[in-house]
Amino acid sequence: MRIDKKRQIGKRLKSIRTMQQYPANTQMGFARILGVPYRTYQDWELGKSKPKYEMVIKIGNLLGYNPAWIYFGEGQARRPIGERKIIPLRKAENDS
């Protein structure tokens, strides 16, 4: 039985999210960091829809993951350390 591609992407996104520190390890926090509505991110993770490849590239660049692994399940999950971009995650303006 073939698992739906959207669900496979959702499982990989969830595995990335749950490895982050609070608040980025919550669906709400991760969505906020990515600049997408919470419901949109939740639908990706549940396999109801999938992100555009441009968003997958953004996630890969922000967190050091291989976009091909996120989207297609191909290659290594993490990029080699020398190829990772370190981008500090800042709090949203309305967070205190």
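Summarising the amide proton neighbourhood of Arg79: residues at separation of 5 or more, or on other chains, whose placed amide H is nearer than 5 Å comprise Tyr65, Asn66. Net charge dipole, region 5-81: roughly 180 debye, given to the nearest 20, about the Cα centre with Cβ charges of +1 for Lys and Arg and -1 for Asp and Glu. Applying a DSSP loop filter and a limit of 14 other Cβ atoms within 10 Å to the GluC sites (Glu not before Pro) in region 23-75 leaves Glu74. Evaluated over region 5-81, the count of Lys pairs having alpha-carbon atoms less than 15 Å apart is 13 (only pairs 8 or more residues apart or interchain). Once you have a ≥ b ≥ c as the square roots of the Cα gyration tensor eigenvalues for region 5-81, tell me rounded if a/c is under 1.5, and otherwise prolate or oblate according to whether a/b is larger than b/c. Oblate, because a/c is 1.5 or more while a/b does not exceed b/c.
Read the figures in this text as sums done on the coordinates, not as results from a lab. All values reported here derive from a predicted model rather than from experimental measurement. We place every Cβ from the backbone using ideal geometry, glycine too, and count neighbours over all the protein chains shown.
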